[in-house]
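Okay, so here's the structure we're looking at.
The values are calculated or read from the model by the stated rules, or taken from the named source; none is laboratory data. Note that the structure is predicted; figures quoted are calculated from it, not measured. When we count neighbours, we look across all protein chains shown, and the Cβ atoms used for this are built from the backbone with ideal geometry, even at glycine.
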Amino acid sequence: MISKRSLCAALLLGGLATSVSAQAPAPYEATPELVEAAKKEGKAVWYTATDVQVSEKAGAAFEAFSPSHKREYIDWITEARTEATRTRRLETAVGWMAEGKPRNWKYTNC
């Protein structure tokens, strides 16, 4: 079952696509109706302007992460105060996820 946070992550990735491509539509707000429709469908749609191979790897890695690792990425991105920071964090997160790294991968061997 898809959570509201997973849906928000997918919508944020859609926001990345709109900042890169002027022709892309604006991302949707996470309304209760949209959340319910996503729950019925049972999956999140991954929209991005990132290279297809990178985005597929990142999407597969994100889906394979434990709920706590997913939450760490989502919280890190959504807690940014400015759109520029959110975009920068999102770009970094997609790269890390494409490499299969959890959010706090730097501290795993401490």
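A few notes on this one:
- Cross-chain or 6+ apart pairs with Cβ under 8 Å, segment 57-85 first and in contact (Cβ under 8 Å) with a residue 60 or more places away in the chain, then loosely packed, with under 15 Cβ neighbours inside 10 Å: none
- Residue in segment 54-61 that is surrounded by fewer than 18 Cβ atoms within 10 Å (Cβ to Cβ) and among the hydroxyl-bearing types (S, T, Y) present: no
- Which numbered condition S68 fails, given (1) touching a helix residue (DSSP H, G or I) at 6+ places or on another chain (Cβ under 9 Å); (2) part of a helix (DSSP H, G or I): (1)
- Test: G14 is modelled with pLDDT of 80 or more and in a helix (DSSP H, G or I): no
- Qualifying position, being modelled with pLDDT of 90 or more and not charged (D, E, K, R), among T48, T78, T85, T108: T85
- Cross-chain or 6+ apart pairs with Cβ under 6 Å, segment 28-46 first and under 23 Å from A61 (Cα atoms), then at pLDDT 70 or above: W46/G59
- Of all residues in segment 72-102, exactly one satisfies the criterion of being within 12 Å of the chain's Cα centre (by Cα), within 19 Å of A61 (Cα to Cα) and of a type in the set (K, R), namely R89.
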